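Asker: Following this message is one structure expressed as structure tokens.
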Amino acid sequence: MEVKIGCTGWSYDGWSGTFYPKKLPKSDWLEYYSKIFPITEINSTYYKIPDTSITKKWNAVTPASFQFTAKFPSIITHEKKLKNVKQHVFAFLSSLVPMHDKVLALVLQLPPSLSFQEAKPRLDELFSYLPPDVRYPIEGRHESWFTNDAFDYLKENNYCLVWNEIQGVNNPSKITADYVYIRLIGDRSIPESEFGKIIMDKTQVIQKWSERIKKLKLESAIIMTNNHFEGFGPSTANTLRIQLGLSELVWDEKKQQKLEF
């Protein structure tokens, strides 16, 4: 099984001097990140559809083998709750054309208020015009997404129900597709000013996730780590990699810390 581990975003000020070299310009951060990690989840698309000039740059500064996932804009998932969204969906897909070959998945993160029953007919319409060459994992957070009716619907269509570790969501981590998409999010107790270092050690929680992942017999597993989980997404990713028997990722600041030690 192919395992890809990345972080939910790359543009965090707290990573300067801990992940990024202190003097590295912010404009060069993605290029640097893409030399360490094979994939990232773009969070900024949730807030705003990017201009093609931006996606062209993202494509240009990353290696051909690098991959992106991205969250659908909130106007589609949260404001309109998947209803009458074709215009916005096409605008979003058009914005990603310059980096199309590197887009692995587009995440439908749904609000806790949107039940499976309400979303189902809207998903049927949405998937009738979404291009089939990209994966569309669905992150349902209403409790109705964790029922047999929802599981059966997702399995019948090979739609992946996102697995997540997030406060307030009791996700049973059911397999509904030929791949899994996992988001280790945590809670909001770690402020952004503390990003860049481990604030809450969750090694044991990560161990539980690694054991689940090891048992999978699917095509692939896509795993994203968030700063809110422990305080430092790259470190969380490394802990998971090591527990899965993968090589540890080493960046310049990590090498410098070892030399100083």
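Each value in this text was obtained by applying a stated rule to the coordinates, not by laboratory testing. Values in this document were obtained by computation on a predicted structure and should not be read as measured data. Cβ atoms come from the backbone with ideal geometry, glycine included; neighbour counts cover every protein chain shown.
Asker: Could you tell me which residue out of 97, 206, 144 lies farthest along the dipole of the chain toward its positive end? Charges go on the beta carbon: Lys and Arg +1, Asp and Glu -1, centred on the Cα centre.
Answerer: Most positive-ward Cα: 97.
Asker: Okay, next question. Return the subset of 56/217; 102/215; 202/254; 26/83; 83/214; 83/215 for which the Cα-Cα distance in this structure is over 30 Å, preserving the input order. All intermediate terms of the calculation are to be shown ahead of the outcome.
Answerer: Details: 56/217 36 Å; 102/215 28 Å; 202/254 20 Å; 26/83 37 Å; 83/214 38 Å; 83/215 37 Å.
With Cα atoms farther than 30 Å apart: 56/217; 26/83; 83/214; 83/215.
Asker: From the backbone phi of the stretch 47-54, what are the Karplus-calculated ³J(HN,Hα) couplings (6.51 cos²θ - 1.76 cosθ + 1.60, θ = phi - 60°) in whole Hz, Gly and Pro given as x?
Answerer: 3J(HN,Hα) across the stretch 47-54, in whole Hz: 8, 7, 5, x, 6, 5, 5, 6.
Asker: Here is a further query. As an exercise, use a Förster radius of 22 Å and the Cβ-Cβ distance of residue 117 and residue 157 to find the FRET efficiency, rounded to the nearest 0.05.
Answerer: 0.90
Asker: Give the relative contact order (percent, whole number) for the chain; include only Cα pairs under 8 Å separated by 6+ residues.
Answerer: So the answer I get is 22 percent.
Asker: When the helix-only estimate is applied to the chain (DSSP H runs of n ≥ 4, each -39,500 (n - 2.57), divided by the residue count), what is the mean residue ellipticity at 222 nm, nearest 500 deg cm²/dmol?
Answerer: On the way: 10 runs with 92 residues, N = 261.
That comes out to -10000 deg cm²/dmol.
Asker: Using a 10 angstrom cutoff on alpha carbons, build the Gaussian network for the chain and name the most mobile of 14, 245, 186.
Answerer: 245
Asker: Taking the Cα centre of the stretch 163-261 as the origin and placing charges on Cβ (Lys, Arg +1; Asp, Glu -1), which of 190, 243, 166 is farthest toward the positive end of the dipole?
Answerer: 243
Asker: Let me ask something additional. As a footprinting exposure proxy, order 200, 99 by other Cβ within 10 Å, with the fewest listed first.
Answerer: 200, 99
Asker: Roughly how big is the stretch 1-136's charge dipole about its Cα centre, with Cβ charges of +1 (Lys, Arg) and -1 (Asp, Glu), in debye to the nearest 20?
Answerer: Working: 17 positive and 12 negative charges, 43 e Å.
It comes to approximately 200 debye.
Asker: Taking neighbour counts of Cβ atoms within 10 Å as a proxy for exposure, in what order, fewest first, do 212, 135 appear?
Answerer: Working: 212 14, 135 20.
Ordered by Cβ neighbours within 10 Å, fewest first: 212, 135.
Asker: Under a point-charge model restricted to the Cβ atoms of Lys and Arg (+1) and Asp and Glu (-1), what is the dipole moment magnitude of the stretch 2-260 relative to its Cα centre, in debye to the nearest 20?
Answerer: On the way: 33 positive and 30 negative charges, 45 e Å.
Value, rounded to 20: 220 debye.
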